[in-house]
There are 4 protein chains.
Amino acid sequence: MAVIDFDQRKKRDLVLIGRVAIDFNPNELNRTLDKVETFSMYLGGSPGNMAVGVNKLGKAVGFIGCVSDDQFGTFVLNYFKERDIDVSQMVRAKNGENMGLTFTEISSPTDSQILMYRNGVADLQIRPQDVSEEYIANSKILLISGTALATSPSREACLIAVRYAKKHHVKVIFDIDYREYTWKSKEEISIYYSLLGGMSDIVIGSREEFDLMENIPADSGIADHELAEKYMDLGNRIVIIKHGKKGSIAYTAEQQAFKVDSYHIKLLKSFGGGDAYGSAFVYGLLEGWKIEDALTYATAHAAMVVASHSCSNAMQTAEQIKGFIETHKDEKVITKLNWRDTI
Amino acid sequence: MAVIDFDQRKKRDLVLIGRVAIDFNPNELNRTLDKVETFSMYLGGSPGNMAVGVNKLGKAVGFIGCVSDDQFGTFVLNYFKERDIDVSQMVRAKNGENMGLTFTEISSPTDSQILMYRNGVADLQIRPQDVSEEYIANSKILLISGTALATSPSREACLIAVRYAKKHHVKVIFDIDYREYTWKSKEEISIYYSLLGGMSDIVIGSREEFDLMENIPADSGIADHELAEKYMDLGNRIVIIKHGKKGSIAYTAEQQAFKVDSYHIKLLKSFGGGDAYGSAFVYGLLEGWKIEDALTYATAHAAMVVASHSCSNAMQTAEQIKGFIETHKDEKVITKLNWRDTI
Amino acid sequence: MAVIDFDQRKKRDLVLIGRVAIDFNPNELNRTLDKVETFSMYLGGSPGNMAVGVNKLGKAVGFIGCVSDDQFGTFVLNYFKERDIDVSQMVRAKNGENMGLTFTEISSPTDSQILMYRNGVADLQIRPQDVSEEYIANSKILLISGTALATSPSREACLIAVRYAKKHHVKVIFDIDYREYTWKSKEEISIYYSLLGGMSDIVIGSREEFDLMENIPADSGIADHELAEKYMDLGNRIVIIKHGKKGSIAYTAEQQAFKVDSYHIKLLKSFGGGDAYGSAFVYGLLEGWKIEDALTYATAHAAMVVASHSCSNAMQTAEQIKGFIETHKDEKVITKLNWRDTI
Amino acid sequence: MAVIDFDQRKKRDLVLIGRVAIDFNPNELNRTLDKVETFSMYLGGSPGNMAVGVNKLGKAVGFIGCVSDDQFGTFVLNYFKERDIDVSQMVRAKNGENMGLTFTEISSPTDSQILMYRNGVADLQIRPQDVSEEYIANSKILLISGTALATSPSREACLIAVRYAKKHHVKVIFDIDYREYTWKSKEEISIYYSLLGGMSDIVIGSREEFDLMENIPADSGIADHELAEKYMDLGNRIVIIKHGKKGSIAYTAEQQAFKVDSYHIKLLKSFGGGDAYGSAFVYGLLEGWKIEDALTYATAHAAMVVASHSCSNAMQTAEQIKGFIETHKDEKVITKLNWRDTI
């Protein structure tokens, strides 16, 4: 039985609000950024990647966001249009704001650093008055990336989008997706994250991100399941807490807990897995699958993408993911936990 | 029976968060501001006035706010200290921000205009990290003025103050107190007002302010009682909607509604009544009175203050208000309404 | 013989560019600002006062500046219009900027402190495109107050005004008039002051202001006459260096130096004298007087204004100043110095 | 005989102040930017390129500038250090400012567009207090790029650098190098360009840039030689006005005028030639050559660089330029003009 029921009369499967960025991934690996000679350009940004991922899996996806009024903004819009991701809700920045850029340094398969361009960035210019109530009302899921909460007016665009979603019984996924840029204080981060976490149906984040949401130290002694309970009490149906290489735990409102491990594959880079994971997980939920199956697809998709040079371009079809899972069927990646187990 | 029960173990009766300003009221009346020759200086700002009012009525009051690092900031701190209003939670602005100023033009007893200085204003510089959880936990009531939501970081200071209040069962009064300055869009106003209105126990505002909170036009056709019901559903126990000279309506969670009229007195000026009203109403609630009695004190206090040259300096003692009510006992100012009645 | 020759075909005697402010002077003297109860409102700001002063002395004056789009801006425009000071070049601020305010604390006749409101101030919003070449071309003198150099776009408005003045042989008076607000560094101050000081015909300032212009310490050991020589070499005809209560020295291109002392009068306040001095000095120059006579009028006017409650309203007619000088003819206020003398 | 005499006791040949940027040039040519797949990274920015160019020609070069506090800033510093360009006067940005980026679209060999990242850019953060008087005093030439005048504090850093240069008889080259970003009005551009143009010894720019400096329209009817005369009168010894594909004219204080044409080579791209031209021209001046010879080297160097993929990496040695000139000795690129001739 599905953990979450969607209103099947809503035509669009997923609408995302937040940032699309441009990724520049180095073609020369295993060196620091200042030694790189050439970069490949890809569409990036966590919600942007997830839009591409869920679309590749065959679902109807729309995006609410602001892109630059230049060739890079055009690149993003074209990329989306060519894949039938709906751009009717995308606006162009009015005051010379640029697309965010992410230059990646791949020092080794397990180690990477990023250099972000987020000064005067277009994606944070989406305004509450740019958000259509009707558009959200006609979507099964609204996915909010926490980066979009970092400053006004994007922050208010998210808050109003969630208000519309709640009013029209649209499910809300809050992907914490913390980026240190533009936040002013720990208190500010905690205020807005916990506001969103108190209004969502699914909340996904690393343990560090949950600590930021609670404004508690790393050594608080609070267990994962206690955090899950808190956000369940506030109305969430699924809480996923990630622990990097140690895997993640998914908690459900039916009081189930699952540990999710990674497949053993040869990494090319250490990023992009999260967006692939999220895309396939959303896909599984939309398909009405059992949570174990959705999680299996999620971790398989993550494995496939971290073995590739890009995030967005490397997104896979459902058939491809299914093939991967069959090839790796000897690996057990989902383990049922007792509620209070830790990893 | 009291509409609201307070936790009597909490020692402080009221803590306010928001703005204190300096009022400059003209000594030459019935002329436009540019023809005025001399001004009298008073402490002002709605929450500042209410702090003074509730203190004058004998209650223990504290203030969370930011004042300028100059002689006017000193004026405010001294004014509070001389009256035993607790200033332990007040901070000085760090980057040259000034106290807000309000120059009033008293064109006639019923007509006045204000000229506000709100550029680079100190009161909006109160930060979430300046707000003490323990301090709020030890107060019976937290009163938030909507003006403090207009921009960061004051906005976040309010949001965290309410979070602490909810956690520690401190009653929250949301006084919408709309001022047009610094807000960026109608959507932004509505987002934050409705967030607060969904977390308070008592919400007070003019009908125009409720329309802003809902982002609905003046001719929406939505009745006052419908708005009251909405905010009751969100957890409020009292909703007060003001209609200027036509009086106000107070709705309670016991499904009672009261019309409150003004006493017939000789006006000196048309402002300051709201803060006097609020102060005496809070006093009545803290005394555990029936709502009718609290409302009678409120409207009597308002009448006394609008007959005076200042707001803060004109605040009255309980004894004085009682005397006024007795003198005017022939005037009926409270009328029980049916829930769906309009005025 | 006159030190400076004016082009008599130019119809307007003086155009000033810079700030007009509103002064609030306390009616209760000899106390700190936070103890004051009432204030009198006057037009203020150094160039504003000088416009009023020169106009009162019967000269044709125009003002280039930006005032607030509210009642205080109207107060300034009305005040000027009533006196036939030309306001055709004055603009209203477009983004809610306010008139600068100066609250004065008169602690004693010789000691005063000011509290300035300069955040988001209208006067600094005058833009280069608001400055008319033709208007400047038709004026005998352009007076620039250094405060207007403190930030863009007012800084550029001054620079273009001087460019037009040089092009059309309009004499430039640079009144350094340092105010600490809005400047970012000592280097920045020195850069723009010395640019202006290198383009003017007359430069007037306190010794402290000359030190700022040179970016040298108070104990540099550089003598006044050396500073005068430097600015003479750059093209100035008159350099006036003030030393507070010790008087001032006026240097001329004819290699003359005069010490100027104050008249012995009963002070009411310690400010406003500089603007009165400047006004009468400009008047004397325009009249073609010998510099000694212009300086005598200047110091007499200063004495008369510091004995009054306001600056602008206290400006005197030529007849009144003449009367004052005759009454005080026993006091010797002008002393011829040797060039290298110090005071 | 040399047009300009340098003080040979000064040890450093050239100090530049202004921007270094990072260029991303597309590896896929003849397509719009949004279709590009990979980019090559080079050091860029006009003064940055010229520093590299003059250094490659064997001269002692130092740079005053601000770079980002990240890997790209490190890339720039390393690039300079490896070539012995002195970085002792370079600072890191303190508030998260980024290196400027220039993405180039090479639509055809003669047509290119750029997409610049200049929001929150590090190079404009160089402050007047970062500029050492002694460092400038010990350089033969100070080269200022007009882009650095676009906003504070970089603008003031340039103004103080020129002040130091004039004081210590360091020759000043003003390369107008207009970029539309960050300027607020045409008047502002004209004010600062003409200030610099009035303090330099050599001014170089396109005719469009001279029109901006003068704030005159394209069809003003003012001839090139009139502009040259104006800037000669202000103290310049050489004025170079460029007319794109039609070549450029160099005017000298000896009343000579030379037309400079381009060599006929196969273009790869249409940018970068100016910096190569400037580098070789400065080299020729430093060598004490006749202006005709310096100009020949300049145009030869330009031809060599536009045939290459980068600007900075493509800079040539004196030997290589000499070789190019000999190979192309049949082409006449320098023509003596009459002073009033036009092209």
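Inside the range B:231-251, can you point out the residues that are over 15 Å from B:PHE281 (Cβ atoms), touching a Gly at 6+ places or on another chain (Cβ under 8 Å) and open to solvent by 10 Å² or more (accessible area, probe 1.4 Å)?
Residues satisfying the conditions are B:LEU234, B:GLY235.
Quick check, is A:ASN25 closer than 26 Å to D:THR32 by Cα, open to solvent by less than 10 Å² (accessible area, probe 1.4 Å) and away from chain D (no Cβ under 14 Å)?
No; evaluated as a whole, the condition is false for this residue.
For the range B:153-179, name all the residues that are of a type in the set (Ser, Thr, Tyr) and either within 13 Å of another protein chain (Cβ to nearest Cβ) or touching a residue at least 40 places away in the same chain (Cβ under 8 Å) (or both). Before the answer, list the steps.
Keep residues of the range B:153-179 that are of a type in the set (Ser, Thr, Tyr), which gives B:154, B:164, B:178.
Answer for the range B:153-179, where residues must be of a type in the set (Ser, Thr, Tyr) and either within 13 Å of another protein chain (Cβ to nearest Cβ) or touching a residue at least 40 places away in the same chain (Cβ under 8 Å) (or both): B:SER154, B:TYR164.
Residues that are over 29 Å from C:ILE114 (Cα atoms): list the strands (runs of 3 or more DSSP E) wholly contained in the range B:74-156 that include at least 3 such residues.
B:139-145
How many residues, within the range A:251-300, are of a type in the set (Lys, Arg) and in contact with a strand residue (DSSP E or B) (Cβ under 8 Å, 6 or more places away or on another chain)?
Within the range A:251-300, the first condition is being of a type in the set (Lys, Arg), and the residues that meet it are A:259, A:266, A:269, A:290.
Next cut, in contact with a strand residue (DSSP E or B) (Cβ under 8 Å, 6 or more places away or on another chain) only: A:259, A:269.
The qualifying residues number 2.
Listed here are the residues, each with its yes/no results for (1) farther than 28 Å from C:THR74 by Cα; (2) under 19 Å from the mean Cα position of the chain (by Cα); (3) not charged (D, E, K, R).
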| residue | (1), (2), (3) |
| --- | --- |
| B:ASP69 | yes, no, no |
| B:ILE114 | no, yes, yes |
| B:PRO128 | yes, no, yes |
| B:THR151 | yes, yes, yes |
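In this structure, is B:VAL87 out of contact with any strand residue (DSSP E or B) (no Cβ under 6 Å at 6 or more places or on another chain), of a type in the set (Val, Ile, Thr) and farther than 21 Å from C:ASP70 by Cα?
Judged against the criteria, B:VAL87 is a match.
Quick one: would you say A:LYS94 is basic (Lys, Arg), more than 11 Å from chain D (Cβ to nearest Cβ) and in contact with a Lys or Arg (Cβ under 9 Å, 6 or more places away or on another chain)?
Here the answer is no, as A:LYS94 does not meet what is asked.
Would you please name the residue that is farthest from C:ASN138 (Cα to Cα), looking only at residues in the range C:58-77 that are facing another protein chain (nearest Cβ under 9 Å) and open to solvent by 30 Å² or more (accessible area, probe 1.4 Å)?
Ranking the qualifying residues of the range C:58-77, first place goes to C:GLN71.
Considering (1) at pLDDT below 95; (2) open to solvent by 40 Å² or more (accessible area, probe 1.4 Å), say which one D:SER312 fails and leave the rest.
So the condition that D:SER312 fails would be (2).
Restrict the check to the range C:211-225 and report whether at least one residue is modelled with pLDDT of 95 or more and polar (S, T, N, Q).
Yes: one or more hits.
Taking the residues in the range A:78-91 that are of a type outside the set (Phe, Trp, Tyr) and more than 20 Å from A:ILE136 (Cα to Cα) as candidates, determine which candidate is farthest from the other protein chains (Cβ to nearest Cβ).
Looking at the filtered set, the residue picked out is A:ARG83.
In the range A:87-140, which residue that is closer than 24 Å to B:ILE191 by Cβ and hydroxyl-bearing (Ser, Thr, Tyr) is least open to solvent (accessible area, probe 1.4 Å)?
The extreme case among them is A:SER139.
Return yes when D:GLY44 is more than 14 Å from chain A (Cβ to nearest Cβ) and open to solvent by 20 Å² or more (accessible area, probe 1.4 Å) and no when it is not.
No.
Just a yes or no: is a residue in the range B:180-191 away from chain A (no Cβ under 14 Å), at pLDDT below 95 and open to solvent by 10 Å² or more (accessible area, probe 1.4 Å)? Working first, answer last.
Going through the range B:180-191, the residues away from chain A (no Cβ under 14 Å) turn out to be B:180-181.
Pick out the ones that are also at pLDDT below 95 and you get B:180-181.
Cutting the leftovers down to open to solvent by 10 Å² or more (accessible area, probe 1.4 Å) gives us B:180-181.
Taking every residue of the range B:180-191 in turn, at least one turns out to be away from chain A (no Cβ under 14 Å), at pLDDT below 95 and open to solvent by 10 Å² or more (accessible area, probe 1.4 Å).
Six or more apart or on different chains, Cβ under 6 Å: which pairs go from a residue in the range C:184-205 that's among the hydrophobic types (A, V, I, L, M, F, W, C) to one that's open to solvent by less than 20 Å² (accessible area, probe 1.4 Å) and part of a helix (DSSP H, G or I)? Could you list them?
C:ILE191/D:GLU156; C:ILE191/D:LEU159; C:ILE191/D:ILE160; C:MET199/C:VAL162; C:VAL203/C:GLY197; C:VAL203/C:TYR231
Can you tell me how many residues within the range A:192-211 are assigned to a loop (DSSP other than H, G, I, E, B), open to solvent by less than 30 Å² (accessible area, probe 1.4 Å) and within 14 Å of another protein chain (Cβ to nearest Cβ)?
Here the count works out to 1.
Collect the residues in the range B:141-158 that are farther than 17 Å from B:GLY45 by Cβ and open to solvent by 10 Å² or more (accessible area, probe 1.4 Å), keeping them in residue-number order.
B:SER152, B:PRO153
For the range B:12-57, which positions are closer than 22 Å to B:VAL91 by Cβ and assigned to a loop (DSSP other than H, G, I, E, B)?
B:GLY18, B:ARG19, B:VAL20, B:GLY45 - these are the residues of the range B:12-57 that are closer than 22 Å to B:VAL91 by Cβ and assigned to a loop (DSSP other than H, G, I, E, B).
Within the range C:225-250, track down each residue that is of a type outside the set (D, E, K, R) and either touching a residue at least 60 places away in the same chain (Cβ under 8 Å) or part of a loop (DSSP other than H, G, I, E, B) (or both). Full working, then the answer.
Here is the first cut: in the range C:225-250, the residues of a type outside the set (D, E, K, R) are C:225, C:227-228, C:231-232, C:234-236, C:238-241, C:243-244, C:247-250.
Of everything in the range C:225-250, those that are of a type outside the set (D, E, K, R) and either touching a residue at least 60 places away in the same chain (Cβ under 8 Å) or part of a loop (DSSP other than H, G, I, E, B) (or both) turn out to be C:HIS225, C:LEU234, C:GLY235, C:ASN236, C:ILE238, C:HIS243, C:GLY247, C:ILE249.
Can you pull out every residue in the range B:28-38 that is hydrophobic (A, V, I, L, M, F, W, C) and open to solvent by less than 30 Å² (accessible area, probe 1.4 Å)?
B:LEU33, B:VAL36
If I go through the range A:97-127 residue by residue, how many of them are within 11 Å of chain D (Cβ to nearest Cβ), in contact (Cβ under 8 Å) with a residue 60 or more places away in the chain and of a type in the set (Asp, Glu)?
1
Just a yes or no: is a residue in the range A:291-299 surrounded by fewer than 24 Cβ atoms within 10 Å (Cβ to Cβ), of a type in the set (Asp, Glu) and touching a residue at least 24 places away in the same chain (Cβ under 8 Å)?
Yes: the range A:291-299 contains one or more residues that are surrounded by fewer than 24 Cβ atoms within 10 Å (Cβ to Cβ), of a type in the set (Asp, Glu) and touching a residue at least 24 places away in the same chain (Cβ under 8 Å).
One line per residue, one yes/no per condition, for (1) farther than 27 Å from C:GLY62 by Cα; (2) open to solvent by less than 20 Å² (accessible area, probe 1.4 Å):
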position: C:VAL260; (1), (2): yes, yes
position: C:GLY278; (1), (2): no, yes
position: C:MET304; (1), (2): no, no
position: C:GLU331; (1), (2): yes, no
position: C:THR335; (1), (2): yes, no
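Being farther than 26 Å from D:THR102 by Cβ, surrounded by 23 or more Cβ atoms within 10 Å (Cβ to Cβ), more than 14 Å from chain C (Cβ to nearest Cβ) and of a type in the set (A, V, I, L, M) is the requirement here; does D:ALA228 meet it?
The answer is yes for D:ALA228.
A:PHE80: surrounded by 24 or more Cβ atoms within 10 Å (Cβ to Cβ), more than 30 Å from B:PRO153 (Cβ to Cβ) and modelled with pLDDT of 95 or more, yes or no?
The answer is yes for A:PHE80.
May I ask you to list the residues in the range D:213-224 that are in a helix (DSSP H, G or I) and open to solvent by less than 30 Å² (accessible area, probe 1.4 Å)?
D:MET213, D:ASP224
Which pairs have Cβ atoms under 7 Å, sit 6 or more apart or on different chains, and link a residue in the range B:257-286 that is assigned to a loop (DSSP other than H, G, I, E, B) to one that is of a type in the set (Lys, Arg)?
Close Cβ pairs (under 7 Å, with a partner that is of a type in the set (Lys, Arg)) do not exist here.
The values are calculated or read from the model by the stated rules, or taken from the named source; none is laboratory data. These numbers come from a predicted model, not from an experiment. Cβ: placed from backbone, ideal geometry, glycine included. Neighbour counts: every protein chain shown. Note: areas computed on protein heavy atoms with side chains; ligands, DNA, RNA excluded. Shrake-Rupley method; radii C 1.70, N 1.55, O 1.52, S 1.80 Å.
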